[in-house]
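Here is the structure we will look at.
The values are calculated or read from the model by the stated rules, or taken from the named source; none is laboratory data. Please read all numbers here as calculations on a predicted model, not as lab measurements. Here the Cβ is made from the backbone with ideal geometry for all residues, glycine too, and neighbour counts use every protein chain on show.
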Amino acid sequence: MGGAALSAPAVAADQTGNHRPAGPGSTHVPSPAEALELAPEPALPEFGAATPTETLATARRVLAGKALPRDPSATLALRDLWLNKTRLRGNERRLADRLLARPTDGVGDPQGFGYTVPEAAPICNTRLCIHYVPTGADAPPSPEWPATNLAIMDAVWSHEVDGLGYRAPLTDGAKGGNALFDVYLKDLGGDIYGFCAGEDQVRNRTGSGYCVLDNDFAAAQFPTGTPTDNLTVTAAHEFFHAIQYAYDYREDPWMMESTATWMEERIATAVNDNRQYFPWSQIYAPYVPLDLFSRNEGYQYGNWVFWEYLSTKYGVGIVKKAWDQAGSLKSDGGKYSLTALQKVLKKKGGFGKVYAQYAAGNLTPAANFPEGAEYPFPKVRGGKALSKRKRTKRFSTKINHLASASYVYSPGKGLGSKKWKLSVKVNGPAKATSPYAVVVVHLANGKRQTKMVKLNRRGAGHKVVAFSGKRVAAVSVTLVNGSTRYRCGKRTVLACAGLPLDDKERFSVVGKVVKR
């Protein structure tokens, strides 16, 4: 769990499309003099949304266990198909209806996804039913396993609904045999742990649904984690999708997946399954926009760390407040993901400032996340050791919306006196694009001093900080494009399905050693 804070961030020597974080550690002091400036950023995944026919093809691949690297999770693949099925015609519409059918609809499923034998009598409590078959490939591994599923799903319900205060999933009427929430056990295979599918619109953009979980989480298909651990994590994540349908089933997909992955930490913090997505988080891929739902990588899962940062700083209720603002009912805020966050964070300094501090804080995860001391080293865009002989270093870059770039300066030879300072001059885009700059002085004793650089309307700002080699290990400068300006409704995979107005904005920083 938590531990001592990083003295300073590590410095990356390269960056490729196969970017992965380095090994774990939390006490490393970097040597920017050894760092190289990074190679050009890899190309971002496509922003465009899929066509209705493409959503059908995607759902068929995913449920057949033949998902491509670019495909979304089963839950969102089926959600997208559900939202697009009215735009399909003929055989495509019939295929969509079958894919969206429950396992109890049987062999009519074109993927062979339905049960092939009659189901056993479901086991239920006052709010949930577990459906299963007694024989065949879909059968549970033991007579006790359905009851285990019921107990874990009920505990998840208790925590997420009764404990954290989220809405319960909406009733499906008599589907599944009664009005209780239905969970089906089915042999899904190693690529799919489970999913929750939307089914019927109820009011505004809210809807009912059901969940399907793997029938046994057998080690042959799920080699990491125990069956019970995998069931618990999957239940926490997928049930939260069913909850989300009670708010807005059309919510931005990055918010749906990132908050569901964050919920895993609330239910199964010791399992740490969500750490597999670290390479695609903004701790390790800060150049990728926060709101990107990628068909190529798992950024929408990795950015659960954004919600972890918010809930660590402001309490776990901050996430529910965001969903209350994003909900579609009359009592809700009716906003999309980022405008919901802007509303929630308005009295906490504003979304832009909070996001900038988060981006800077990602360089020292042990200081900003409960389990951050166990996270791998983050990396920065570049760095330089300055000295009496080499006093100045300039870095420049282009940054996309809701993304950042960080640089590290460290004091070298001849800078022992406390009179030595580092002058940091930042030039960014115009104020209307929401540029930010955060300077963090990483002291030799492990403490940090965080300072926002005030930028004028042209995006320029200046800050002078301590740079004595006896007191300072390093100074990091995080440049942030905090833009939330879009042309919404353009069928992209970003917030509000919009086109960002402020991508590839140019920033520069000059670090200069001065004596005062």
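Brief remarks on what is shown
Listed here are the residues, each with its yes/no results for (1) touching a helix residue (DSSP H, G or I) at 6+ places or on another chain (Cβ under 9 Å); (2) at pLDDT below 95.
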{"site": "Val305", "(1), (2)": "yes, no"}
{"site": "Leu341", "(1), (2)": "yes, no"}
{"site": "Lys346", "(1), (2)": "no, no"}
{"site": "Gln357", "(1), (2)": "yes, no"}
{"site": "Gly382", "(1), (2)": "yes, yes"}
{"site": "Ser396", "(1), (2)": "no, no"}
{"site": "His401", "(1), (2)": "yes, no"}
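- Failed criterion for Asn445 (all others in (1) under 26 Å from Thr392 (Cβ atoms); (2) of a type outside the set (Ser, Thr, Tyr); (3) at pLDDT below 95 hold): (1)
- Near pairs, Cβ below 7 angstrom, 6+ apart or cross-chain, from the stretch 355-381 (farther than 19 Å from Asn400 by Cα and touching a residue at least 24 places away in the same chain (Cβ under 8 Å)) to any residue that is among the basic types (Lys, Arg) and outside any loop (DSSP other than H, G, I, E, B): Thr364/Arg448; Ala367/Arg448
- Comparison of Val354, Val288, Val344 shows that the only residue that is among the β-branched types (Val, Ile, Thr), in a helix (DSSP H, G or I) and buried (at least 23 other Cβ atoms within 10 Å of the Cβ) is Val344.
- Filtering the stretch 39-84 to residues that are modelled with pLDDT of 85 or more and among the charged types (D, E, K, R) leaves Glu54, Arg60, Arg61, Arg79, Asp80.
- Within this structure, Leu422 fails the test of being within 17 Å of Leu479 (Cα to Cα) and assigned to a loop (DSSP other than H, G, I, E, B).
- Of the residues making up the stretch 448-459, those that are surrounded by 15 or more Cβ atoms within 10 Å (Cβ to Cβ) and at pLDDT 95 or above are Thr450, Lys451, Met452, Val453, Leu455, Gly459.
- Residues in the stretch 440-452 that are among the hydrophobic types (A, V, I, L, M, F, W, C), farther than 14 Å from Tyr355 by Cα and out of contact with any Leu (no Cβ under 8 Å at 6 or more places or on another chain): Val441, Leu443, Ala444.
- Residue under evaluation Ala168, criteria (1) without any contact (Cβ under 8 Å) to a residue 60 or more places away in the chain; (2) within 30 Å of Leu56 (Cα to Cα); (3) surrounded by fewer than 16 Cβ atoms within 10 Å (Cβ to Cβ); (4) not acidic (Asp, Glu), criterion not met: (1)
- Every listed requirement among (1) of a type in the set (D, E, K, R); (2) surrounded by fewer than 20 Cβ atoms within 10 Å (Cβ to Cβ); (3) more than 17 Å from the chain's Cα centre (by Cα) is met by Lys384 save one, (2).
- Within the stretch 291-302, considering residues that are farther than 21 Å from Ser483 by Cα and touching a residue at least 40 places away in the same chain (Cβ under 8 Å), the one surrounded by the most Cβ atoms within 10 Å (Cβ to Cβ): Tyr301
- Check on Ala385, outside any loop (DSSP other than H, G, I, E, B) and farther than 27 Å from Pro500 by Cβ: yes
- Verdict on Lys388 being touching a residue at least 60 places away in the same chain (Cβ under 8 Å) and within 23 Å of Val514 (Cβ to Cβ): yes
- Among the residues of the stretch 166-195, those that are aliphatic (A, V, I, L, M), out of contact with any Leu (no Cβ under 9 Å at 6 or more places or on another chain) and at pLDDT 95 or above comprise Ala168, Leu170, Ala179.
- Members of the stretch 466-488 that are farther than 30 Å from Ser417 by Cβ, touching a Gly at 6+ places or on another chain (Cβ under 7 Å) and either free of Cβ contacts under 8 Å to residues at least 60 places away in the same chain or surrounded by 20 or more Cβ atoms within 10 Å (Cβ to Cβ) (or both): Gly482, Tyr486, Arg487
- Hey, Tyr247 assigned by the TED database to the domain that holds Ala359 and either of a type in the set (Asp, Glu) or out of contact with any helix residue (DSSP H, G or I) (no Cβ under 6 Å at 6 or more places or on another chain) (or both) or not: no
- Qualifying residue in the stretch 321-336 (condition: in contact with a strand residue (DSSP E or B) (Cβ under 7 Å, 6 or more places away or on another chain), surrounded by 24 or more Cβ atoms within 10 Å (Cβ to Cβ) and aliphatic (A, V, I, L, M)): no
- Meets criteria (free of Cβ contacts under 8 Å to residues at least 60 places away in the same chain, outside the structural domain of Ser434 (by the TED database), surrounded by 22 or more Cβ atoms within 10 Å (Cβ to Cβ) and in a helix (DSSP H, G or I)) for Tyr309: no
- Members of the stretch 197-206 that are modelled with pLDDT under 95 and of a type outside the set (Lys, Arg): Ala197, Gly198, Glu199, Asp200, Gln201, Val202, Asn204
- Figure legend. Inter-residue proximity from the stretch 82-93: first residues free of Cβ contacts under 8 Å to residues at least 40 places away in the same chain, second residues of a type in the set (Val, Ile, Thr) and crowded, with 18+ Cβ neighbours inside 10 Å, beta-carbon distance below 7 Å, spacing 6+ or different chains. Indicated pairs: Asn84/Thr55.
- Candidates Lys463, Lys451 - the one that is in a strand (DSSP E or B), touching a residue at least 24 places away in the same chain (Cβ under 8 Å) and assigned by the TED database to the domain that holds Tyr407: Lys463
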